[in-house]
Amino acid sequence: MDWRTKLLQSAPATPAGFESLVAATHRASTVVFPSMDEVREGWRQSEVGYVYGIYGTPTSDELATRIAALEGARHTFLVPSGQSAIALVDLTFCKPGDHVLVPGSAYGPNVEAAETLLGRYGVEAELYNPMIGAGIASLIRENTTLIWCESPGSITMEVQDIPAIVAAAHARNVVVAIDNTYASGVLFDAFAHGVDVSVQALTKYIGGHSDILLGSVSVATQDAYERIGDMRRTLGLSVSPDECSLALRGLQTLAVRMDRIEASTLEIAEWFTSRDEVNVVLHPALPSCVGHEFWKRDFTGSAGIFSVLFDPRFTTGQVNAFVDRLKLFRIGWSWGGVNSLVMAYPTLTRIDEKYHGRIVRFSVGLEDVADLIEDISHSLASMK
Ligand SMILES: *Cc1c(COP(=O)(O)O)cnc(C)c1O
């Protein structure tokens, strides 16, 4: 064999029997078949075997299978980000002429996708009050095909009555999808509460270290499995095995991180309740959070984000300056990593209340909680 050919042949067989504790990182576009008889097609690799890298490698399969097991899903599809998970669900369940309901408390780009992406294809998006509960029945139309939930909501943290919304939706054959990122698929059992599709930004707690972008779409029903799988294939959404291997590593420490983050966050949120600079502390485990009773009924714990609403005597400038003075809480989008983060929202509005310039969201990491409280306390002291 010419050396040019040798360069392209795989190594002589390495010894069999290698076992480690780590899932291997398999990179592939092409999967080779032993013969024409054994050539396979289609995206249903979990039924027919490996076909092509875009439908998954053993690394992404391992991650998808574990997320499905944690969420109790029929199947989990992986996608490049949390936002692509949302867009995939939108494009799967809506066609021209349809109507979609999105909570006013949803992650901003979710609302944007419904209003602009779907709007462009003749789908009407309507925002609803996240606390509507069974009242959502009155918003469901003949052409409503999808209801989004997100609980707690982004930034304003409203916990929704999911079973009530599911009951109203299913009575009219409407699919219910939830953005279950806050719960990381473990603090709230979406499928036990009747939801059809659960999406997560694995970017957050599953990745856990602010260094990957990845999303998941988990489905409960065969119908959702077929439809999401077809659309994922059409859109060509694939994930990097390197990101998947980091998410698999993240899963190994998810429990200890979440436990520690839950305790620190509760301590900081409770500390805030005694401060007169803020009027409301929006943490699902505190009675001051809208929908706290549903958190108590449906959740098994809380995560590391909460918001505070500053007293109206402070200007937006003063609230921004409070954020600027923090040293351990870094200013940045996203959350769920080991470093504490903070963000003010000077232009945030919600359906029935203005939070303009007064709301600040914290994402608590793994720093010592006394240091974090000291950081906040120090910055508050300069607000007078
Ligand atoms: C961050 C986030 C997303 C989007 O995740 P990306 O991976 O950053 O695209 C979706 N939903 C919620 C609730 C989020 O916080």
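It is to be established whether one or more residues within region 147-162 are assigned by TED's automatic domain parsing to the domain that holds Tyr205, surrounded by fewer than 20 Cβ atoms within 10 Å (Cβ to Cβ) and not in a loop (DSSP other than H, G, I, E, B). No, region 147-162 contains no residue that is assigned by TED's automatic domain parsing to the domain that holds Tyr205, surrounded by fewer than 20 Cβ atoms within 10 Å (Cβ to Cβ) and not in a loop (DSSP other than H, G, I, E, B).
Look at (1) away from the ligand (no atom under 16 Å from the Cβ); (2) in a helix (DSSP H, G or I) and you find that Glu112 fails only one, number (1).
Would you mind finding the one in Ile261, Ile228 that is among the aliphatic types (A, V, I, L, M), on the phi < 0 side of the Ramachandran plot, crowded, with 20+ Cβ neighbours inside 10 Å and outside the structural domain of Pro163 (by TED's automatic domain parsing)? Among Ile261, Ile228, only Ile261 is among the aliphatic types (A, V, I, L, M), on the phi < 0 side of the Ramachandran plot, crowded, with 20+ Cβ neighbours inside 10 Å and outside the structural domain of Pro163 (by TED's automatic domain parsing). Could you please give the count of residues in region 196-219 that are out of contact with any helix residue (DSSP H, G or I) (no Cβ under 6 Å at 6 or more places or on another chain) and either more than 13 Å from the ligand (Cβ to nearest atom) or outside the structural domain of Ser238 (by TED's automatic domain parsing) (or both)? Final tally of qualifying residues: 1.
Taking region 63-90 as the range and being assigned to a helix (DSSP H, G or I), away from the ligand (no atom under 11 Å from the Cβ) and either without any contact (Cβ under 8 Å) to a residue 12 or more places away in the chain or crowded, with 20+ Cβ neighbours inside 10 Å (or both) as the test, the residues that pass are Leu63, Ala64, Thr65, Ile67, Ala69, Glu71, Leu88, Val89, Asp90.
Does any residue of region 311-332 turn out to be under 30 Å from Asp161 (Cα atoms) and buried (at least 19 other Cβ atoms within 10 Å of the Cβ)? Checked against the condition, which is being under 30 Å from Asp161 (Cα atoms) and buried (at least 19 other Cβ atoms within 10 Å of the Cβ), region 311-332 yields no hits at all.
Reported count of residues in region 232-246, each being of a type outside the set (Ser, Thr, Tyr) and more than 15 Å from Ser29 (Cβ to Cβ), is 5. Touching a residue at least 24 places away in the same chain (Cβ under 8 Å), within 16 Å of the ligand (Cβ to nearest atom) and not hydrophobic (A, V, I, L, M, F, W, C), is that true of Tyr107? In short, yes.
The values are calculated or read from the model by the stated rules, or taken from the named source; none is laboratory data. Keep in mind the model is a prediction, meaning the values are calculated, not measured. When we count neighbours, we look across all protein chains shown, and the Cβ atoms used for this are built from the backbone with ideal geometry, even at glycine.
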